[in-house]
Amino acid sequence: MASAFKKLVAKGAEDLSGTKAFLDNDDLRPLRKEDRTWTAWTYFTFWFSAVATVSNWYGGSAAQALGLSMWESLVCAFAGQLLISIVMVYNGRAGATYHIGFPVLNRAAFGVYGAWWPTFNRAAMAIVWNGVNAVQGGQCVYVMLHAIFPSIADIPNTMGDGSALSSGQMIAFFIFILITCFFLVIPIPKMKGLVYAKLIVFAVSAIAMLAWTLTLSGGIGPVASQGSTVGGTEKAWLIVRFVLLGAANCATFASNASDFQRYATKKSDVIPGNVLGFPLSNLIVCIVGNLVCASSQVVFGELIWNPLTYLDTIMTTWYTPANRVGAFFIAAMFVYSAIFSSIFENSLPAGNDLAGLFPKLISVRTGFFICQVLSVVICPWYLLGSASVFITFLASYQIFLSSITGVLLANYYFVCRGDLRIPDLFSPAKEGLYHFWHGWGIQAYIAYIIGIVPNFYGFLNNMGIDAPDSVTKFYYFAYPVGLVVAGAVYYGLCVLFPPPLMHKSGWHEPEDYVREDEETTGDVGVFEDDMKTIEKK
């Protein structure tokens with residue numbers, strides 16, 4: 001039994017016991033220099049690869065489903081993503097400097113044990129998004145199967161009206177999950193070539209889908225000239241809503257920015273790669289998504305905001321051999337894109353978080369597979385039943401993530417002013433700087449809760465509780481409100497009740513943090529020797 005348990009223990013946690021077993025394993029420690037390989041160009045191309053997926057068509061297309069024109073939808077999405085990219089850069093700077101991920105960074109504000117809750121929150125969001133991506137991947141697989149086996153459309157549907165998947169599509173959903181699990185066996189470093197190939201594959205599929213739908217609609221003219229179906233105050237509020245929603249539905253990227261930026265060769269590399277690469281890549285995907293969505297109004301007389309539903313509708317309406325072949329290969333390329341988006345946008349962050357929650361037993365790789373199982377358990381096919389349901393979900397969870405991000409920003413820039421003591425982030429000792437009150441950062445939790453309070457009525461309204469129209473509109477601002485309120489309250493509490501590590505002036509961030517076993521000179525931090533000192537306490 002003992003030997004079997006040892007096989008379950010994560011690497012780097014074999015000799016840890018007691019409370020230390022809840023804080024440390026190899027995946028959580030600062031990266032070695034040899035693993036810090038991402039340059040500005042890497043981040044720029046990474047975002048083009050990461051957002052090159054069908055799921056990112058939804059942000060632009062959903063705005064049209066509620067009445068905005070194609071170009072208005074594009075401007076809204078781009079503006080929101082530009083705003084969140086700035087938050088992303090600032091919140092990820094600690095990762096780019098100290099090369100630690102989101103679960104460990106949380107400990108600097110929430111405490112070595114208190115970090116469990118915000119890490120759990122972000123893990124939950126990543127798992128939900130992984131399920132959403134799997135639904136879309138399953139829809140891609142279904143189109144492939146439908147092109148080969150037309151009888152799959154005749155399977156009796158027992159899923160109900162609220163489901164985005166029929167019974168036949170559920171078969172495709174589980175096929176997609178199994179294919180994803182197969183790729184998760186491949187070590188992440190060996191996937192680099194496959195990820196770059198993904199960008200090419202998606203570009204080909206997107207161009208093919210765009211050319212096909214614009215041909216059916218009579219060219220780009222009638223598509224681009226379609227106006228919005230709303231006006232006046234209603235239109236103005238829709239624009240505000242979708243600009244802020246464009247930022248809010250990327251809240252997971254902003255909260256866990258350190259997970260990606262910890263791989264930076266230089267901390268300055270993350271600035272152009274994220275601020276330019278993230279909104280620009282999303283804009284290109286949104287242009288394709290909006291053009292395809294807008295063309296459905298011309299072709300079928302209604303907006304079909306899900307491009308996969310649109311593709312299958314085209315094939316079903318004109319079920320010719322040529323259309324079946326075209327639909328099969330476009331869907332196959334969508335499947336390839338969805339697999340790697342699932343891995344890098346969702347499985348990897350979820351794996352990091354699950355490793356942070358249970359480091360003794362869960363490595364990042366083990367977390368990948370747990371994420372896949374939980375993504376099925378949450379029944380994500382009901383999240384994508386309609387545009388309004390999807391928007392409701394996205395707009396609801398942001399209030400929790402915005403408060404967490406606000407606390408992390410205030411702590412790094414105004415409280416510790418760039419100064420993190422890495423060994424203490426892994427120490428359960430009462431003398432540790434981040435032990436706070438029994439391992440919990442009370443100031444952070446008070447600020448987190450107060451950051452949620454202004455938006456909570458709107459959250460309940462979003463979930464179906466009646467509320468005045470003013471509450472509904474105020475909730476459009478939920479993400480920036482939560483961010484600012486939580487950050488301001490946290491800083492104020494730290495001024496009144498200073499934590500063990502707080503600087504009132506200056507900037508105390510090192511040029512780079514390098515492990516003691518790799519370098520001991522220059523403006524760097526240390527890790528190995530300091531950890532040994534902490535462990536003796």
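The values are calculated or read from the model by the stated rules, or taken from the named source; none is laboratory data. Since this is a predicted model, take the numbers as computed values, not measurements. Reconstructed Cβ throughout: ideal geometry from the backbone, glycine too, with neighbour counts over all protein chains shown. Just the protein is used for accessible areas: all its heavy atoms, side chains included, with ligands, DNA and RNA removed. Shrake-Rupley method; radii C 1.70, N 1.55, O 1.52, S 1.80 Å.
Miscellaneous remarks
- Unmet requirement for Gly418, which otherwise passes all of (1) assigned to a helix (DSSP H, G or I); (2) in contact with a His (Cβ under 7 Å, 6 or more places away or on another chain); (3) not acidic (Asp, Glu): (1)
- Test: residue in the range 449-467 that is touching a residue at least 60 places away in the same chain (Cβ under 8 Å), within 22 Å of Tyr413 (Cβ to Cβ) and out of contact with any strand residue (DSSP E or B) (no Cβ under 9 Å at 6 or more places or on another chain): no
- Selection status of Gly451, in contact with a helix residue (DSSP H, G or I) (Cβ under 9 Å, 6 or more places away or on another chain) and more than 27 Å from Phe253 (Cβ to Cβ): no
- Residues within the range 182-199 that are outside any helix (DSSP H, G or I) and modelled with pLDDT under 75, tallied: 1
- Options Phe102, Phe110, Phe120: the member that is crowded, with 24+ Cβ neighbours inside 10 Å, within 30 Å of Ile179 (Cβ to Cβ) and not aliphatic (A, V, I, L, M): Phe102
- Test: residue in the range 463-471 that is at pLDDT 85 or above, of a type in the set (Val, Ile, Thr), open to solvent by less than 40 Å² (accessible area, probe 1.4 Å) and farther than 20 Å from Ile422 by Cα: yes
- Looking only at the range 321-347, and only at residues there that are among the polar types (S, T, N, Q) and under 13 Å from the mean Cα position of the chain (by Cα), the one that is nearest to Thr213 (Cα to Cα): Ser341
- All positions within the range 72-99 that are open to solvent by less than 10 Å² (accessible area, probe 1.4 Å) and closer than 17 Å to Arg29 by Cα: Gly92, Ala94, Gly95, Ala96, Thr97, Tyr98, His99
- Leading residue by the ranking (modelled with the lowest pLDDT) among those in the range 345-385 that are over 22 Å from Tyr113 (Cα atoms), in contact with a helix residue (DSSP H, G or I) (Cβ under 6 Å, 6 or more places away or on another chain) and part of a loop (DSSP other than H, G, I, E, B): Leu384
- Residue in the range 263-273 that is among the aliphatic types (A, V, I, L, M) and modelled with pLDDT of 90 or more present: yes
- Residue within the range 258-267 that is more than 12 Å from Arg93 (Cα to Cα), in contact with a helix residue (DSSP H, G or I) (Cβ under 6 Å, 6 or more places away or on another chain) and not polar (S, T, N, Q) present: no
- Condition check for Phe340 on (1) farther than 24 Å from Gly138 by Cβ; (2) open to solvent by less than 30 Å² (accessible area, probe 1.4 Å): one failure, at (1).
- Criterion violated by Ala172 - all others in (1) crowded, with 17+ Cβ neighbours inside 10 Å; (2) closer than 28 Å to Val298 by Cα; (3) without any contact (Cβ under 8 Å) to a residue 60 or more places away in the chain satisfied: (2)
- The condition (being part of a helix (DSSP H, G or I), polar (S, T, N, Q) and modelled with pLDDT of 90 or more) is satisfied by just one residue among Ser258, Ser281, Ser205: Ser258.
- Subset of the range 123-138 (residues that are open to solvent by 10 Å² or more (accessible area, probe 1.4 Å) and of a type outside the set (Gly, Ala, Ser)): Ile127, Val128, Trp129
Conditions (1) under 19 Å from Val376 (Cβ atoms); (2) under 20 Å from the mean Cα position of the chain (by Cα); (3) of a type in the set (Asp, Glu), marked per residue:
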{"site": "Arg107", "(1), (2), (3)": "no, no, no"}
{"site": "Trp116", "(1), (2), (3)": "no, yes, no"}
{"site": "Thr119", "(1), (2), (3)": "no, yes, no"}
{"site": "Ala124", "(1), (2), (3)": "yes, yes, no"}
{"site": "Gly131", "(1), (2), (3)": "yes, yes, no"}
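- Being in a helix (DSSP H, G or I) and closer than 22 Å to Asp312 by Cβ holds for only one residue in Gln64, Gln81, and it is Gln64.
- Scan of the range 343-363 for residues that are open to solvent by 20 Å² or more (accessible area, probe 1.4 Å), touching an Asp or Glu at 6+ places or on another chain (Cβ under 8 Å) and hydrophobic (A, V, I, L, M, F, W, C), ordered by number: Leu348
- Exactly one residue among Ala224, Ala247, Ala206, Ala236 is farther than 30 Å from Phe340 by Cβ and either open to solvent by less than 40 Å² (accessible area, probe 1.4 Å) or of a type in the set (Lys, Arg) (or both), and that residue is Ala224.
- First in the range 145-162 and part of a helix (DSSP H, G or I), second anywhere and of a type in the set (Ser, Thr, Tyr), Cβ under 8 Å, 6 or more apart: His146/Thr316; Pro150/Tyr319; Ile152/Tyr142; Ala153/Thr316
- Just one of the listed residues (Leu244, Leu303) is of a type in the set (A, V, I, L, M) and either at pLDDT below 85 or closer than 30 Å to Glu511 by Cβ (or both), and it is Leu303.
- In the range 345-365, the residues that are in contact (Cβ under 8 Å) with a residue 60 or more places away in the chain form Cβ pairs under 7 Å with partners that are of a type in the set (Lys, Arg) and not in a helix (DSSP H, G or I), at six or more places apart or across chains, as follows: Ser363/Lys11.
- The set of residues from the range 192-227 being in contact (Cβ under 8 Å) with a residue 24 or more places away in the chain and more than 30 Å from the chain's Cα centre (by Cα) comprises Trp212, Leu214, Leu216, Ser217, Gly218, Ile220, Pro222, Val223, Ala224, Gln226, Gly227.
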